[in-house]
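Step one of this worksheet: look at the structure below.
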Amino acid sequence: MTDSIIILTEEPLGDVDAENITRLYGEGDDVELQLLVPANTKRNLLVDVVDGLTMLDLPAVLRELREKAPDKTTVRAEAAQTLAISLATLQKAGARVTGQVSDGNAVDSLVARVKETQARQAVVVTRPHALADTFRQDWASQAQHKLGLPVLHLYAGSGFIGDS
């Protein structure tokens, strides 16, 4: 029987992310990765600005303040691009992977897919979000609360594990 690991990401996965994810199972394991990329992350401008300031990313803060919110078509196209890059990266790392752009609430999509597939593990890959991570409002913490199971929270492009 094939086991599933469901992965929710807001960032295109890189080689480091693929390595961290493929380490979650052994070579002989029959595992299929299922990747979800949300088309609607419902970000909050104030939270994004505070995150940028705490990460000392002033260009990102200025960009957030100057740019207007992208339209739904642009957001969906960016999510599809993130999905394509991430699928290619995981396949290059030898993973058997499928994926889709999900609509609606990102955490609800993850929880539904985990329950539907009876996945053995759920993983959330994000960039650090200072406020959400500190106050346990990040996607991994929300999913963990809804599932009643541990959810692995990886920070994109690093070996760091979030505290969810």
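Structure data summary
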{"item": "Residue match in the range 128-142 (condition: closer than 14 Å to residue 7 by Cβ and either modelled with pLDDT under 90 or surrounded by 13 or more Cβ atoms within 10 Å (Cβ to Cβ) (or both))", "result": "yes"}
{"item": "Verdict on residue 28 being out of contact with any helix residue (DSSP H, G or I) (no Cβ under 6 Å at 6 or more places or on another chain) and modelled with pLDDT under 95", "result": "yes"}
{"item": "Boolean, residue 113 is open to solvent by 80 Å² or more (accessible area, probe 1.4 Å), modelled with pLDDT of 90 or more and either among the polar types (S, T, N, Q) or on the phi < 0 side of the Ramachandran plot (or both)", "result": "no"}
{"item": "Residue list for the range 1-24, restricted to those being over 18 Å from residue 126 (Cβ atoms), surrounded by 16 or more Cβ atoms within 10 Å (Cβ to Cβ) and not small (Gly, Ala, Ser)", "result": "22"}
{"item": "Filter pass, residue 68 being modelled with pLDDT under 95, open to solvent by 30 Å² or more (accessible area, probe 1.4 Å), outside any helix (DSSP H, G or I) and over 22 Å from residue 14 (Cβ atoms)", "result": "yes"}
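The values are calculated or read from the model by the stated rules, or taken from the named source; none is laboratory data. Predicted model only: the values in this text are computed from it and were never measured. So basically every Cβ, Gly included, is an ideal-geometry build from the backbone, and we count neighbours across all protein chains shown. In case anyone asks, the SASA skips ligands and DNA or RNA and just uses the protein heavy atoms, side chains included. Shrake-Rupley method; radii C 1.70, N 1.55, O 1.52, S 1.80 Å.
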